[in-house]
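Asker: The structure that follows is given in the form of structure tokens.
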Amino acid sequence: MASNLVKAVRIEQHGGPEVLQVVDVEVPPPAANEVTIRQHVAGLNFIDIYYRTGLYPHPLPHGLGFEAAGVVEAVGADVAHLKKGDRVAYGQSPIGAYAQARNVPAAQVVKLPKGVALDEAAALMLKGLTVQYLFRQTYRLQGHETILFHAAAGGVGLIACQWAKALGVKLIGTVSSPEKAELARANGAWQTIDYSRENVVERVLELTGGKKVPVVYDGVGKDTWETSLDCIEPRGLMVSFGNASGPVSGVNLATLNQKGCLYVTRPSLGLHVNTPEKLNAAAGEMFDLVLKKKIKVRIDQRYRLEDAGQAQTALAARKTTGATVLTLD
């Protein structure tokens, strides 16, 4: 493929959605370990906002986004597992997925099975692999547990509801409205708690017969930290995997002792899929559930590349449900 110009989002400074600029960038031929992907759909995630605001620092100027799906246009000399024309997706890449085409390290790219659409894959890779590592690696659910999962009607949450149900796990999901509660239950949540109207800790005690839960999965962060700790049974695990409401800071280890000798971990996807073998195993388990119709990808918002700022605003304001994607064609 000759070098060509494509549209991509770039930021030159940190700030609000207004810092997103759509510019023309040149895509050079792929390096030996890369593939060039003509991208059709990019996934939108909270982490994109963290990089835009500077909460997660990265040298400026830079692109945004870590998740996309498309078709391989060119293959680097050392790449054996992919070929031109393959339908592919990734959920962990160098920053810059908001682009019509780009080069990506081939080790981070998976081939899509027949039956998984490009837009599904773009909405699924980062969020679905997040649920995979949370449920199958961080705390390996066996199928008899009752768990608490915050923001159960969001992009990660709805996949978590379905995956928990597929495993035979009772997921209690927190939500912010009756509509979101209904959505979470329709996707497999065992029970929901509307934190705008109900006391989460009291409801968890009621739902578990006073036992609390062995693990809480918390992608919200600052606003839910204390509540989460109060929902965990003695020697249980607090999994803090995101900071949609702001980062958790000033963690006092003595508090973990007082709340019941709790364990805490702050994991992220990267380390759980940092080899092609680990990535393919995790993605394979996820795609298998999609092909068996145990997980349906719900894309409730679609935006054009030029409207990426609007898309991020809606996500940050908790106006979205399910997944949001950018269409790049």
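Asker: Out of segment 176-213, which residues are over 22 Å from Lys294 (Cα atoms) and within 20 Å of the chain's Cα centre (by Cα)?
Answerer: Ser176
Asker: Which of the residues belonging to segment 85-128 are assigned to a loop (DSSP other than H, G, I, E, B), touching a residue at least 60 places away in the same chain (Cβ under 8 Å) and closer than 17 Å to Pro276 by Cα?
Answerer: Gly91, Gln92, Val109, Leu112, Pro113, listed by residue number.
Asker: While we're looking at this one, here's another question. Condition (residue is at negative phi, in a loop (DSSP other than H, G, I, E, B) and among the hydrophobic types (A, V, I, L, M, F, W, C)) applied to segment 67-74: is it met by at least one residue?
Answerer: no
Asker: Here's another thing I want to ask about it. Inside segment 133-205, counting only strands (runs of 3 or more DSSP E) that do not spill past its ends, which hold 1 or more residues that are touching a His at 6+ places or on another chain (Cβ under 7 Å)?
Answerer: In segment 133-205, 170-175 are the strands (runs of 3 or more DSSP E) which contain 1 or more residues that are touching a His at 6+ places or on another chain (Cβ under 7 Å).
Asker: Still on this structure: Go through (1) at pLDDT 95 or above; (2) under 21 Å from Asp218 (Cα atoms); (3) crowded, with 24+ Cβ neighbours inside 10 Å one by one and return the number of the condition Thr146 breaks.
Answerer: (3)
Asker: Could you count how many residues in segment 262-301 are surrounded by 13 or more Cβ atoms within 10 Å (Cβ to Cβ), β-branched (Val, Ile, Thr) and either at pLDDT below 95 or outside any loop (DSSP other than H, G, I, E, B) (or both)?
Answerer: Going through segment 262-301 one residue at a time, the tally reaches 5.
Asker: Return the pairs, sorted by first residue and then second, in which the second residue is among the polar types (S, T, N, Q) and assigned to a loop (DSSP other than H, G, I, E, B), the first residue lies in segment 171-193 and is not assigned by TED's automatic domain parsing to the domain that holds Val297 and surrounded by 23 or more Cβ atoms within 10 Å (Cβ to Cβ), the beta carbons are less than 7 Å apart, and the residues are 6+ apart or on different chains.
Answerer: Lys180/Thr321; Leu183/Thr321
The values are calculated or read from the model by the stated rules, or taken from the named source; none is laboratory data. A quick note: this is a predicted structure, and the numbers were derived from the prediction, not measured. Glycine also receives a Cβ, built like all others from the backbone with ideal geometry; neighbour counts cover every protein chain displayed.
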